[in-house]
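Notes to accompany the following structure.
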Amino acid sequence: MVTKLNTSKFAHLRKNEILVPHLNAWLARGEFPDEIPIKIGMNKEKDDAFHPSSATKCSRQLYAEMTGDLIDGKPTAEQQLTFSIGHMYHGFIQWILVEGLGFCTWDDIEKEHDLKFTTQNGNPYRVRGFIDCARCVVPNRGTYLVDVKTMNTRLFAQDNLPASTHERYEAQVQIYLEFEDLDEAIILCVSKDSPHRFKEVIVHRDTDFVERTMDRWEDVVDAMASGEIPDCTCFDPSSCPTRKLYDNNGIIAG
């Protein structure tokens, strides 16, 4: 009789994943401490900086948000629960990376960068971000920046992330790579629903992309200083969050 091999157990070998096999092996060993303390940061500190997570946002949207013309609605209870569960997964995985695997230190976790710049027109601005794991040293593979992304099973199960999602995730990581002067990052995708699984996406540093993003941010800063609303840079302007915000004279529409 021929026994059918359960190839799903060896998926990480087929894909030549870097970090996922170590996470799975640690969990499979089952040698856990009695408790794993997880710190969950529920409230984001408000600031006036550009953030890597908004690197793909439309210039006009950034302008409207930073001037206070566009205000996000209050998250629903369901959205708050989604955020909270994401924070819990981050804390658990970060603990494994530091205490379980020893691939990094707590200094690498939620590492803050708060950088100050000035546009060519002399207008100051900030770029600020917190990296999930700034430097993760994986045995026999090298040093990688790690960014954790939790998602539902439907999204996780797709062979490739939707283009808009991948673009947003990769843009954020590109800024982080520039912060750390590293060449490669791992986007660690986590399925929040059952079955709970990991997979990873490798991102290679693209300094040109970062420079283009910084140039666009500087245009927004100069626009704020001059009071001139920047053009919409959405791929589809009809879906821009600011499409009905301003009238032809740049005044907030009534």
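Table for the structure above
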item	result
Residue within region 99-117 that is in a helix (DSSP H, G or I), surrounded by 14 or more Cβ atoms within 10 Å (Cβ to Cβ) and without any contact (Cβ under 8 Å) to a residue 60 or more places away in the chain present	yes
For Asn121: the one exception among (1) in a strand (DSSP E or B); (2) closer than 30 Å to Cys232 by Cα; (3) not β-branched (Val, Ile, Thr)	(1)
Pair list, Cβ under 8 Å, 6 or more apart: region 78-94 residue under 18 Å from Glu200 (Cα atoms), other residue assigned to a helix (DSSP H, G or I) and not acidic (Asp, Glu)	Ile93/Leu23
Glu184 buried (at least 16 other Cβ atoms within 10 Å of the Cβ), farther than 30 Å from Asp34 by Cβ and charged (D, E, K, R)	yes
Long-range neighbours under 7 Å by Cβ, at least six apart or interchain, first residue without any contact (Cβ under 8 Å) to a residue 12 or more places away in the chain within region 214-242, second in a loop (DSSP other than H, G, I, E, B) and of a type outside the set (A, V, I, L, M, F, W, C)	Pro237/Arg243
Looking only at region 202-242, and only at residues there that are at pLDDT 95 or above and of a type in the set (Val, Ile, Thr), the one that is surrounded by the fewest Cβ atoms within 10 Å (Cβ to Cβ)	Thr207
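The values are calculated or read from the model by the stated rules, or taken from the named source; none is laboratory data. Everything quoted here is computed from the prediction, not taken from an experiment. With ideal geometry, Cβ positions are generated from the backbone for all residues, glycine too; neighbour counts draw on all protein chains shown.
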